[in-house]
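Enquirer: Provided herewith is a single structure, encoded as structure tokens, for subsequent inquiry.
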Amino acid sequence: MVEARAELFTVGVFQDTAWAAKGIEALKRAGFAADTMTILSKETPEAAGLIEKSLAGKGERIDVASVGAVVARGSLVGALQGSARDLPKLGLAGTFRRVGFQAHDGRIFETLVGRGGVLVAVVGEPRAADALAILHSYGGGNAAIGAWSGRI
């Protein structure tokens, strides 16, 4: 059975850390706090540096099915892992339903991260549309709001 979470996440994938940094700074200027954000990327020194600079802490190394080693920090990570710590077995494609996305969205995010993209997510419903607009404006590809929350 798929575990569903109550949080609403807005997610976008940037082509690299430089574009992600611009998007994250725009989110911060718009009033989104660092503790509402998640960054997930293939494990590289640049990605680790982006997480430390943007989220004021070190990322966690996780092996993700179909992607490999990633570095990540933020509330989306725990929601995707679930109580069974499923990312190594199910990957992004198999776990994104937990946060209100359809399976094909998870496959798209997994493919983009696997190709070197940087996934940025913001948690919170009141300003989800604002976060979506900023992610789109700064190059966050396939940006979407997890609208299926509670319907799984």
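Just so it is clear, none of the values below were taken in a lab; they were calculated from the coordinates. As the structure is a prediction and not an experimental result, all values here were calculated from the model. So basically every Cβ, Gly included, is an ideal-geometry build from the backbone, and we count neighbours across all protein chains shown.
Enquirer: May I ask you to say which residue of GLY82, GLY74, GLY59, GLY68 is within 25 Å of TYR138 (Cβ to Cβ), touching a Lys or Arg at 6+ places or on another chain (Cβ under 8 Å) and not basic (Lys, Arg)?
Expert: Just one listed residue meets the conditions, GLY59.
Enquirer: Select, from THR44, THR95, the only residue that is touching a Gly at 6+ places or on another chain (Cβ under 8 Å) and of a type in the set (Val, Ile, Thr).
Expert: Just a single option satisfies the conditions, and that option is THR95.
Enquirer: Write out, first by first residue and then by second, each pair whose Cβ atoms fall under 8 Å of each other, whose residues are 6+ apart or on separate chains, and whose first residue, in the range 112-131, is over 15 Å from THR10 (Cβ atoms) while the second is surrounded by 16 or more Cβ atoms within 10 Å (Cβ to Cβ) and of a type in the set (Lys, Arg).
Expert: Every condition considered, the pairs that remain are VAL113/LYS42; GLY114/LYS42; GLY116/LYS42.
Enquirer: Take GLU52 and tell me if it is charged (D, E, K, R) and in contact with a helix residue (DSSP H, G or I) (Cβ under 8 Å, 6 or more places away or on another chain).
Expert: Answer is no for this residue.
Enquirer: Condition check: in contact (Cβ under 8 Å) with a residue 60 or more places away in the chain and of a type in the set (A, V, I, L, M). Does VAL70 satisfy that?
Expert: Here the answer is no, as VAL70 does not meet what is asked.
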